[in-house]
Amino acid sequence: MATTADFRNGMTINMDGTLWTIMWFQHHKPGKGNTVVRSKLRNVLTGNVLEKTFRAGERIDEVRLEHRPMTYSYTDGHLYHFMDSQSFDDVALTGEVIGEDQLRYLKDGMEVDGLLHGEKVISVELPFFVTLTVTQTDPGVRGDTATGGTKPATLETGAVVQVPLFLNEGDVIRVDRREDKYIERAK
């Protein structure tokens, strides 16, 4: 057990059976009354943000989370299977755990970062920058330049991003999956 004096940014706590990460905290001494600790917490699973005030010295349940490299193997229609790169165990996760925004960029053989609570995988994080092949886009026209407009392109995972006019089908590009944004041609 820890107390509010042990708070630090990035610390994970268990509050009412839910895991929260401390994003920000501040000790506050009002003019009269006891000292309190104001905090901003993010739900580890859903990403929801909560502002909560604790009494100074209040006991909290600190949780240790472990990051472990994993490799995406396949999907059987309902579950997405990953291989733990340390124990070589098969880990099956639902689409809700992975998140719709990440599923658009999930590719066979992709290395991901698994987040474990005890021995249970509670989430996976794809790399911020992914390299994918353009499978469908309008053809480029002679004279199109890098400073010109953009057009939609469908990638091998089914994601659609805006790309420069000079890109064609079969080109391999790097994408920032957090912003659904084209970065550059892959080398």
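See the values below:
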{"quantity": "Net charge, L79 excluded, C-beta distance under 13 Å - Lys, Arg +1, Asp, Glu -1", "calculated": "-3"}
{"quantity": "Sum of side-chain charges, T94 neighbourhood, beta-carbon under 14 Å (Lys, Arg +1; Asp, Glu -1)", "calculated": "-2"}
{"quantity": "Segment K32-D76, length gained on full extension (0.36 nm per residue, minus Cα span)", "calculated": "9.8 nm"}
{"quantity": "Charge sum, other residues only, whose C-beta stays under 13 Å from Y105's C-beta, Lys/Arg counted +1 and Asp/Glu -1", "calculated": "-3"}
{"quantity": "Within the accessible area of the chain (1.4 Å probe), percent carbon and sulfur", "calculated": "49"}
{"quantity": "Area of T150 that stays accessible when all protein chains are in place (1.4 Å probe, Å², to 10)", "calculated": "90"}
{"quantity": "Solvent exposure ordering (accessible area, 1.4 Å, most first) of H81, H117, H67", "calculated": "H67, H117, H81"}
{"quantity": "Point-charge dipole on Cβ atoms (K/R +1, D/E -1) for the chain, about Cα centre, debye to 20", "calculated": "1120"}
{"quantity": "Nearest-10 value in Å² for the accessible area of E125, using the 1.4 Å probe", "calculated": "80"}
{"quantity": "Taking the convex hull of Cα positions in segment 63-187, its mean projected area over all directions (nm²)", "calculated": "8.8"}
{"quantity": "Per-pair calculated FRET efficiency, R0 = 45 Å: M15 and F166 via Cβ, rounded to 0.05", "calculated": "0.30"}
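The values are calculated or read from the model by the stated rules, or taken from the named source; none is laboratory data. Only a predicted model underlies this, so the values are computations on that prediction, with no experimental measurement involved. Glycine gets a Cβ as well: all are built from the backbone with ideal geometry, and neighbour counts include every protein chain shown. Note: areas computed on protein heavy atoms with side chains; ligands, DNA, RNA excluded. Shrake-Rupley method; radii C 1.70, N 1.55, O 1.52, S 1.80 Å.
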